[in-house]
1. Take region A:127-158 and flag every residue that is hydroxyl-bearing (Ser, Thr, Tyr) and either modelled with pLDDT under 90 or assigned to a strand (DSSP E or B) (or both).
2. Any residue at all in region A:502-510 that is out of contact with any Leu (no Cβ under 9 Å at 6 or more places or on another chain) and farther than 16 Å from A:ARG416 by Cβ?
3. Looking at region A:262-275, is at least one residue over 26 Å from A:ASP380 (Cα atoms), part of a loop (DSSP other than H, G, I, E, B) and within 33 Å of the chain's Cα centre (by Cα)?
4. Of all the residues that make up region A:311-330, how many are more than 13 Å from chain B (Cβ to nearest Cβ) and either assigned to a strand (DSSP E or B) or more than 17 Å from A:LEU291 (Cβ to Cβ) (or both)?
5. Residues that are surrounded by fewer than 23 Cβ atoms within 10 Å (Cβ to Cβ), under 31 Å from the mean Cα position of the chain (by Cα), away from every other protein chain (no Cβ under 11 Å) and within 20 Å of B:LEU649 (Cβ to Cβ): does region A:145-167 have at least one?
6. Take the residues of region A:467-485 that are surrounded by 14 or more Cβ atoms within 10 Å (Cβ to Cβ) and assigned to a strand (DSSP E or B): which is farthest from the chain's Cα centre (by Cα)?
7. Just checking, which of B:ALA80, B:ALA86, B:ALA101 is farther than 15 Å from B:ALA35 by Cβ and in contact with a Leu (Cβ under 6 Å, 6 or more places away or on another chain)?
8. Here is a list: A:ARG294, A:ARG345. Which entry is part of a loop (DSSP other than H, G, I, E, B), within 14 Å of chain B (Cβ to nearest Cβ), out of contact with any Gly (no Cβ under 8 Å at 6 or more places or on another chain) and loosely packed, with under 13 Cβ neighbours inside 10 Å?
Amino acid sequence: MTMIAILRGVALTVAVLGLIDPSFTIHRLTPVPVEIRASSAADATRLVADVQQRLERSLGDRIRFSSAVEPAALVLVGSQVTPRMLPTGDIPISTVAPPASSAPSVRILAATSPSPVPLGWTATFEATIEASGLRGTTSRIVLQQGEAELAHVDHPWTSDRERFDVRLSYVPPVEGSSAVTLRVDRRASVDLRAVAIGRRLKVLVHEPRPSWTAAFARRALEGDAIFEVASLVRSSRSLSVRGGSPPPALTVDALTPFDVVLVGAPEELRAAEVDALRSFARRRGGTVVLLPDRRPSGAYLHLMPSSSFEEMLVDVPADLETPGLKTAGATLRASELAIPREGLRASETLASIASSKEAKPVVVAWPSGIGTVVFSGALDAWRYRATMGEGFGRFWRARIAEAALAAPPRLQVSVRPEVARPGEEVTVQARLRPTELVDAGGQTSVPAVRATAVGPHGEHAIRLWPTAEAGVFEGRLQTSAVGRLDIHVAADNGAVGDELLDVVPDAAHAEGAGRDSLQLVATSTGGVAVTAADLTPLEQFLGALPSAEAAETWSPTRSIWFVVAFVAAAGGEWTLRRRRGQL
Amino acid sequence: VSPHDATVGPFADRLASISRRLRLVELFRVVTVAAPIGGVIDLVLRRQAWSSVVANGAGIGVVVVMVAIWMLRIGSRWTAAAAARAIESTRPESRNLVITAEELSRYPDRARPWIRTRVFEQATAIAAEALPSAVVPLSRPVALSAVSALAAVILVSGLAGRAVAAVQQRAQQAIGATVSTPRPAGFSATATITPPSYTGEIAKTVQNPDRIDAVQGSHLRLTIDGRAAWRVRFGADPVAVQREGDSSLIELPLTRSGYLAIEPLQSDASPTRRRLVPVTVAPDRAPTIRIDAPGKDLLLPNAKSTIAVAASAADDFGLRSLELRYTRASGSGENFDFQEGTIPLDIAHESPRAWKARAALALAQLGMGPGDAIIYRVVGRDGRPGDAGLAVSDTFFVEIAGPGQVALEGFELPPDRERYALSQQMIVLKLERLRAKEKSITRAALEEEIAGIAAEQRAVRSNFIFLMGGHVEDEEEEAEHSDEIAEGRLENTARKEIVTAIQHMSRAEVGLAAVSTGAALPPARSAVEALQRAFGRNRYFLRTLPVRSRVDPSRRLTGEMKDASDWTREIPPAVQDSQSLAARRLLERLIALSPALRANTVDPQVLTAMAEEALAVDPAATEWQAISKSLMQLRDSGNVAAPERSKLLANTVSVVTLLAQRQTLAARPSDRANRALRGAWAEERR
């Protein structure tokens, strides 16, 4: 009787609950969706599968690998990463590099071709080389052209994993482009290019009053054939001495043909002339070199971030620290100095004087727009021009040549890489100088540009696309056959630019700082960078990712088991009653 | 010995056998000594360019003569007696029996027959037991002579020279030096350089010279061995070649640096036989003469003193004479009288090349009077004829103060304008004297004396204001802006110092007006210091002015204002560094040739021409000589393995590159791509 009652009660309770149909909201954690893929085609998918398997084994259902849903994290497996591989979304990207090989190896991580140099000047090639497992051995790093070894460095490796920044110098003997190879023993190589230009660098020397400093700097330039110097010296109120073809006045248009403007006695400049010089630096990309011979004052101070100067007079002329000059056996020397006190963070020090605490900048360059303003605080350096290897003349020749070479042409074309393999994709960039853009009515008009690749097998158009920066266009070119291509770009306003592209078989490139780029991507997106040899940090990172919380409404009476329970209770009660003969 | 002595025959035979072996031993010994001597003689003669036949003949002849002399002189070493002694030495138990027997064989009548027979019987028995090979072993002399003969053969065949060359090559490879290349075959030359006789240097002879260094004026005698005909050039100038026996001879006076190009006349001769020999001619430098004491100009109060002059002179080859010359200037105004003379020097010869000299300038004996001046210098010459070797020291002055001229004892003679400093100095002196005695004089006397000094001070100050071009309205303002005059910084500094001195003079006048020596003295002293600074710098500046830059005061204010106009300056064309240019051209050709050089397919004449071009750039420069030598080594490296040739090429490129980049600086890398970004960031930070 009791069992029958119990079963009946259960059946009635279930029936009542079914009629009531109560429901509950439950918050549950869902597995984190993670996408995993190889970072480059060169990396085998086997490593991807291996990493995925190991992560699934260690993290279980806390993560779910899927590319169908929007992932909460991305794992890139491979040795390199390029911007194209990166998703547009804002998700953390972790990287898994292949385990480091234990075999001795050398890689050229980075190597850059030097900027074009004037014919007869020294071009310096820089490269970063990484060696593994070569401790105790010496590598011969060679720069060669054809079969001729142009320069070399022997570097002894002192640790198992070591990086070495190498600088090799070479004087291109002829004007034009020369393909060279930087080789490390017979283990690694990279193809680079040296460009010697024959064009003369246009320099204007402007002296509102006669100035010894500017005069001797001008003489140093006039003695070098790579400079084409125009000069104007106002020797009196109504008299001037001209050399070459200087403009009658310092105006924006008159300064455009020049690469560098040297100003002696700059305190005599008028406000309008200072404005023209500012525009020359900011928009033309030229360099304004200010060579005062007295305490800085006047309108030209607005060209610089510093209007406060420390005046220093030393009993014995001081040899200034000038990078690169001392190695040539020359020294810039001065005894009367004006040292800028402000705006030094954004500056580049070209010459400094040692002091008890820290070196004080004497000749300083500040960026101004796309150009540069150089201030020389070595007020009486001209007095020592004949001493110490003619340091005065050599210093200014070097720095002014660098500045002139850095002045952009109307239309500048560049290709990456400069030496490519047949079939390789090359990026072409065309950059219009700001002076070629027309600003009117709050709008900037950019002239249209056309690019063609002219080679031994004909001429091909290159489609250029505007980039986010006004006046800059980019396009891609698929190289075909071996040879030299002339990438010619012309703008509607008449500006033209050319760049040469060498296509050679088996052209070798720097491997790039793969590990660095992996680390950079991981760090900048919030992920971690690990190697396949040890996934623990990645496991900890993925395990710590917040799982999504799913709110579910649970209605237990709608479950089939609820019906089964009701039927079982009701059927049991009925069966017991039948056995006892109760109806 | 009677022939009937039956025992004499075997004994004599054994002695003869041993005697022959003794002779052989001596022969081997002499060969052991003579063979290497013959080999050395053969080698030396061939090194001296004697023909192989002559050298070999001489070597063999020496050996034969030595053997013959040796064998003739020591014939006693293989006699029967020597053989008997040899047997005795190996068989001491015979107790001189064998020696006795040998002696009896020569002097049979010294013993009775039966004794003699018995001696011979026993000696024969002993000799029969002593085998010749044991008594006189030949193995050691034979072995020594064989080794000696082998050494001689090695010397004669040149194997030793090749082995030494191979060792040298390996050593050079080990230390990374340039790879030596074989000397061109069939070329042997001897250069004899005879310096000029006055140098006292002895003639120098160089065998197969790589380069010739000589003093200017030397004489070169170059002998090229062999019957081959040669054409010789000194640079582009042909040099006469004379035949002298089997050799060619050139004679050349060496007056300038250059190079000898020695080429075979036969058209079918190997291009690798061409030789380039740089000739560096060093000029004979003139003597360097310095006056060590007094070493400065002097202004003296009178002519009573005697000036001790000390001088030193040096020359690279030797001095010949040294003397002190002077010019005495006397008079005043426009009536000056000049008299020249010479004073002998007391010379101490430290060495033929370095002399020290002393002299005494007795001013009174020279007739010096107030206002007179003497200008002196030391003149010397080296051994060269004519005035080529003449040298003169710096010139110094000694001036006797004139009437009214102030001079401190031995004070350095100032230039004209510096005398103003002395005037101010005199004011200081007067002030100091007055200050020392002011307590002992009356107030009125003090005022009177101070008034006199103040007048002088005003006069001196007026002079300086006049010197500055007029009245200085505001001395402070003038001092502040004294650097505005565009006369050069040093001049400006001097002017500034003068203005400062004028200020001090003004303060001194204020002190004098207040009748206070204490207030006047410090600014008066400061004025002197400022003037000395000003004129000291100015004097230095004026002395270093080149002649063409000196200002001609007579042309001042002679122009017309209306004629002043703009001027267009002609810019002279820049002069390119010819050596860098030549190096770049050479580098370009080397790079172009590099694949063919590695494959060893370059025409040797091309490399010879390049080597000559390199030498022609500057024959005396060691850099160009090194380049030329490297190119010649490349030319002659046909039999060298490709890696070694690559090393030679790398060495050559390296030395050429060093020259190509002289006078240049490396351009620093340009961050052109990021300039705009850096500029924008800098603008933001302002």
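The values are calculated or read from the model by the stated rules, or taken from the named source; none is laboratory data. Everything numeric here is computed off the predicted structure, so don't read it as measured data. Using ideal geometry, Cβ is built from the backbone for each residue, glycine included, and neighbour counts are taken over all protein chains shown.
1. A:THR128, A:SER132, A:THR138, A:SER139
2. Yes, the conditions are met somewhere in region A:502-510.
3. No: region A:262-275 contains no residue that is over 26 Å from A:ASP380 (Cα atoms), part of a loop (DSSP other than H, G, I, E, B) and within 33 Å of the chain's Cα centre (by Cα).
4. As a first pass, look at region A:311-330 and keep what is more than 13 Å from chain B (Cβ to nearest Cβ): A:312, A:314, A:316, A:318-321.
Next, from what is left, pick out any that are either assigned to a strand (DSSP E or B) or more than 17 Å from A:LEU291 (Cβ to Cβ) (or both): A:312, A:314, A:316, A:318-319, A:321.
Adding up the residues that qualify gives 6.
5. yes
6. The first filter runs over region A:467-485 and keeps only residues surrounded by 14 or more Cβ atoms within 10 Å (Cβ to Cβ), leaving A:471-475, A:477, A:479-480, A:482-485.
Cutting the leftovers down to assigned to a strand (DSSP E or B) gives us A:472-475, A:477, A:483-485.
On the way: A:VAL472: 16, A:PHE473: 17, A:GLU474: 16, A:GLY475: 18, A:LEU477: 21, A:GLY483: 29, A:ARG484: 27, A:LEU485: 26 Å.
Here the residue is A:GLY483.
7. B:ALA80
8. Just a single option satisfies the conditions, and that option is A:ARG345.
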